[in-house]
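**Student:** Got a structure for you, questions after.
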Amino acid sequence: MKKNCRLFPIIVLLAHLCMLFSSCDNYEFVDDENPTSSQFPYRVGVVNHNTGSRISAFAFAPTSDVYEVHYDGNGNLSDVEYQRCTINFTNMRRIAVKYEDSSEADTVYVTYNNKGYATLLKYSRYYYTEDKSDKYLRISYVQIDYDDNDHIVKLTDLPLGRDLVEYSYTWEDDNLISSKGTTRVSEGTETYAYGDEATDNKYRQNVMVPVFLELVHPHLSTIMAYLGLFGKGPKQLVKKITIKYNGIYMGTGERTSEPNYELNDDGTISKVGRSLRLYYR
């Protein structure tokens, strides 16, 4: 009897997720089961559409991991590769993450709206217990909502067997003003200041909007944002970020950061703070 009681919330959640899928499917912009990035309303990975300049790599410090972005002969996004991992985008609905030491790839299934922005992500992965004696399947669904200006306004992580995670984003005059993340045991907020002489984000690059997801790869959601799959960034570059947090594990506190930027001659972003480098071709 106890087992049946434990199954009840899972059954309710699955029913809710089925409704999510059926509603989002109505907004698919391609019918092809194996779409390439050329079928998108915009060119995935291209930042400057006048010159065709597109992201070719990014690097994160202090580890200096370099993620190389590859395109096929037709200009379609094919994969992102670094060290021991390859993230395959050949089928934009089924993003495959393959580690060298793994026999099989993990798959993230993606639904897009009619503008080509991701609205629903589904992924599952087997995890082993600490002593490696058993394994369990973890399934998670992520729903993403946008406003009329193609900005993320809400992101809901609906994990099976873990705490629900929800992020909300507030925009004013095409700039991100604040974001808030909540779980059952923690809460954090970020507020953003631009100043009177803020630098224009000429191509609305999405490099500052926080999208923290526990996908099958620690940087997959960040990579998708840089490539334009999570909507548009603010019209200006943030000058100051104030972070406040409160939770069981991290305590209560506040900190600020003032990121600096470097731009290329055409206005594309090449450097954010000390941690991010962007490269183009």
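The values are calculated or read from the model by the stated rules, or taken from the named source; none is laboratory data. Since the structure is predicted, the reported quantities are computational estimates derived from the model, not experimental observations. Note: accessible area is taken over every heavy atom of the protein model, side chains too, but ligands, DNA and RNA are not part of it. Shrake-Rupley method; radii C 1.70, N 1.55, O 1.52, S 1.80 Å.
**Student:** Take the alpha-carbon centre of the stretch 173-205, take the same for the stretch 221-244, and report the distance between them in whole Å.
**Tutor:** Computed from Cα coordinates, the inter-centre distance equals 8 Å.
**Student:** Quick one, can you get me the convex hull of the C-alpha atoms of the stretch 127-202 expressed as volume per residue in Å³?
**Tutor:** Dividing the Cα hull volume of the stretch 127-202 by its residues yields 145 Å³.
**Student:** Give the accessible surface of the stretch 65-186 per residue, rounded to a whole number of Å², with probe radius 1.4 Å and ligands, DNA and RNA excluded.
**Tutor:** On a per-residue basis, 50 Å².
**Student:** With contacts defined as alpha carbon pairs under 8 Å and 6 or more residues apart, what's the relative contact order of the stretch 185-281 in percent?
**Tutor:** For the stretch 185-281, the relative contact order is 30 percent.
**Student:** Here's something else I'd like to know. For the stretch 89-137, max minus min Cα coordinate along each principal axis, in Å, sorted largest first?
**Tutor:** 46, 20, 10
**Student:** Pull up all non-local amide H partners of His151: gap of 5 or more, or a different chain, and H-to-H distance under 5 Å with H placed in the peptide plane.
**Tutor:** Lys232
**Student:** Could you tell me the relative contact order of the stretch 39-129? Use alpha-carbon pairs under 8 Å, at least six residues apart, and round to a whole percent.
**Tutor:** Once normalised by length, the contact order is 16 percent.
**Student:** Kirkwood Rh over Cα pairs of the stretch 143-276 into Stokes-Einstein at 25 °C, 0.890 mPa s: D in µm²/s?
**Tutor:** 156 µm²/s
**Student:** Please report Rg (one decimal) and Dmax (integer) in Å for the Cα set of the stretch 89-175.
**Tutor:** 16.2, 54
**Student:** Across 5 Å bins from the origin, how do the percents of Cα pairs in the stretch 160-229 run, short distances first?
**Tutor:** Using 5 Å bins, I get a P(r) of 3, 13, 20, 23, 20, 12, 6, 3, 1, 0 for the stretch 160-229.
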